[in-house]
Amino acid sequence: MVAGPDVSVVVCTRDGAARLPATLDHLRAALDSSPLTAEVVLVDNASTDATPRLLADATRADPRLRVVSEPRPGIARARNRGIAATRAPIVLFTDDDVRVPPHWLDRMAAPLRRGEADLVGGAVALAPHLERDWLSPALASAYFAVVPEPPVVGREFAAASIGATRAVLDTVPFDESLGTARYPGAEDTVFRLDVLHAGFRQGTVAGATVEHHPDPHRLEPARLAAQATGRGRGEAYLAHHVHGRSPSSLVSLAKLGVTGGLLLARRAAGWGAERVDEEAIRLRRRVAFHREMIALRREGRRRAHAAAAV
């Protein structure tokens, strides 16, 4: 009987043909430098560009790489599909626009293999050429997955560099409502909370910082504003479904009115037109949060009425 790998790495991608070559080069270097046996499971999440051809070429060139498909768009769905295809007792996750250091695989897997933790997170740094003077630590963490070195349990946590044991992944899936068009973020945060709620232990890994290379257009004011809207909706999902918050529609409407008014006033004053304005980003996120809380409460009432009518 052939033994399985020591570690599996899951990388999900959608239309990542331009991003993947560098990511895969760094992953292969990490595999080459490790004494552990490893596999990389590449999940094609409904790509429409040249990604399938690139992945096919990569797997032909390196038998340690395998490709699986998840046709339903959504990063949480793709991660769950990747997990199902893995064979190792330890599974690491990173993204298709990340550069891992050569020692990343060994250091991320070490506390999991030693039984010191069930879930670990590593540091994530923004690529130096993408740094901006207006990009505060809060914005970098919220919108560009930055996790300071050394990571701290209970602080920033990003799936660009995490790992878990098979016991965790057999018990806690990624919430597939998240990582979608409606809720484009928060899937890693909810996953961490679900893991802890299930009684598992979280640790961190220092000295294994990965470098994030997102599309530079994401730093533009309009793109960042769109991300803020998605983040606000995700925070509402977290508050409603995970923390059980359900304020009355009147309360949410009042907060929406106040926050929306502040945002409109800031726009009228010319803030954020040519340059990213962190306060306007925060207000936009809160507007989206309150709108989504109202929508979630209405959906809950509709479901309750439908159940009562059965």
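Every read-out reported here was derived from the displayed coordinates using simple, explicitly stated rules and does not represent laboratory data. Remember, predicted model here, so these are calculated numbers, not experimental data. Note that we place each Cβ from the backbone using ideal geometry, even for glycine, and neighbour counts take in every protein chain shown.
Details
- Neighbour net charge for VAL7 - beta-carbon separation under 13 angstrom, K R +1, D E -1: +2
- Difference of contour (0.36 nm per residue) and Cα-Cα distance, ARG245 to ASP215: 7.4 nm
- Approximate shape of the stretch 49-173 as ellipsoid semi-axes (Cα gyration tensor, √5λ), whole Å, largest first: 25, 21, 15
- Magnitude of the charge dipole, the stretch 220-309, Cβ model with Lys/Arg +1 and Asp/Glu -1, debye to 20: 360
- Ordering of 244-251, 169-176 by packing [mean C-beta count within 10 Å, highest first]: 169-176, 244-251
- Net charge dipole, the chain: roughly 1320 debye, given to the nearest 20, about the Cα centre with Cβ charges of +1 for Lys and Arg and -1 for Asp and Glu.
- Loop-resident trypsin sites (Lys or Arg not before Pro) (DSSP state other than H, G, I, E or B) in the stretch 1-60 with no more than 16 further Cβ atoms inside 10 Å of their Cβ are absent.
- Neighbourhood charge, 15 Å Cβ-Cβ cut-off, centred on VAL124 and excluding it, Lys, Arg +1 and Asp, Glu -1: -3
- Ellipsoid semi-axes for the stretch 102-261, based on the Cα gyration tensor and the rule √(5λ), read 29, 23, 12 Å when sorted largest first.
- Coil-residue trypsin sites (Lys or Arg not before Pro) of the stretch 104-172, DSSP, other Cβ within 10 Å capped at 14: ARG114, ARG132, ARG155
- Over the stretch 1-78, the pair-distance histogram of Cα-Cα distances with 5 Å bins from zero comes to 3, 15, 26, 25, 16, 10, 4, 1 percent, rounded to whole numbers.
- Projection of the Cα convex hull of the chain, averaged over all directions and equal to a quarter of that hull's surface, yields 18.6 nm².
- Directionally averaged projected area (the stretch 220-309, Cα convex hull): 6.3 nm².
- Packing order of peptides 230-243, 205-218, highest average first: 230-243, 205-218 (average count of other Cβ atoms within 10 Å over each peptide's residues).
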